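The values are calculated or read from the model by the stated rules, or taken from the named source; none is laboratory data. All figures in this text were calculated on a predicted structure; none of them were measured in a lab. Cβ atoms come from the backbone with ideal geometry, glycine included; neighbour counts cover every protein chain shown. What goes into the accessible areas is simple: the full protein's heavy atoms, side chains included, and nothing from ligands, DNA or RNA. Shrake-Rupley method; radii C 1.70, N 1.55, O 1.52, S 1.80 Å.
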Amino acid sequence: MTEHAQPASVIEPEDLPGIRGALTRYRVMAWIVGILLVVLVCIGLPLKYIWNDGRVVTWTGVPHGWLYMILLITAYDLSRRVGWSIKWVLMIMAAGTVPFLSFVAEHFATKDVRARVAKVEASSDAA
């Protein structure tokens, strides 16, 4: 079996630096996208529709949209490295569209990845 033919759920010790980097990239993007979405929904939309001031919507909505695309890429990259199911990946990706949910998704994704990394580290230390 070649190196690329292994199932995606098998994590080797040499994969850990890449996984850690992918997790960091994902976490940063989840927080940035989440903060922009909260500002957009909780501040920008009331300003726009109650006081007719759309500046916050423009200044947060457009960056949120572009950065959400980067979040999707970072979530996919992380999922590919750790072997998440397609259902889990889609839920993580969709979390960036609901205020505050990206923070919850980031928490559970980080917890899952850290548990997988710890398992690999423990098995490589035992060997």
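Worth pointing out:
- Leading residue by the ranking (nearest to residue 36 (Cα to Cα)) among those in the stretch 78-107 that are part of a helix (DSSP H, G or I) and of a type in the set (Val, Ile, Thr): 97
- For residue 76, the conditions (1) under 9 Å from the mean Cα position of the chain (by Cα); (2) open to solvent by less than 30 Å² (accessible area, probe 1.4 Å) all hold with the exception of (2).
- Residue 86 meets all of the listed conditions (1) aliphatic (A, V, I, L, M); (2) under 15 Å from residue 28 (Cβ atoms); (3) open to solvent by 100 Å² or more (accessible area, probe 1.4 Å) but one, namely (2).
- Tabulated pairs, the stretch 44-67, first touching a residue at least 24 places away in the same chain (Cβ under 8 Å), second open to solvent by 40 Å² or more (accessible area, probe 1.4 Å) and not in a loop (DSSP other than H, G, I, E, B), C-beta under 7 angstrom, 6+ apart or interchain: 60/39; 67/32
- Meets criteria (closer than 29 Å to residue 12 by Cβ, under 10 Å from the mean Cα position of the chain (by Cα) and touching a residue at least 40 places away in the same chain (Cβ under 8 Å)) for residue 25: yes
- Residue within the stretch 41-63 that is more than 26 Å from residue 15 (Cβ to Cβ), open to solvent by 50 Å² or more (accessible area, probe 1.4 Å) and part of a loop (DSSP other than H, G, I, E, B) present: yes
- Flag not set for residue 77, criterion: in contact with a helix residue (DSSP H, G or I) (Cβ under 7 Å, 6 or more places away or on another chain), over 30 Å from residue 121 (Cβ atoms) and among the acidic types (Asp, Glu).
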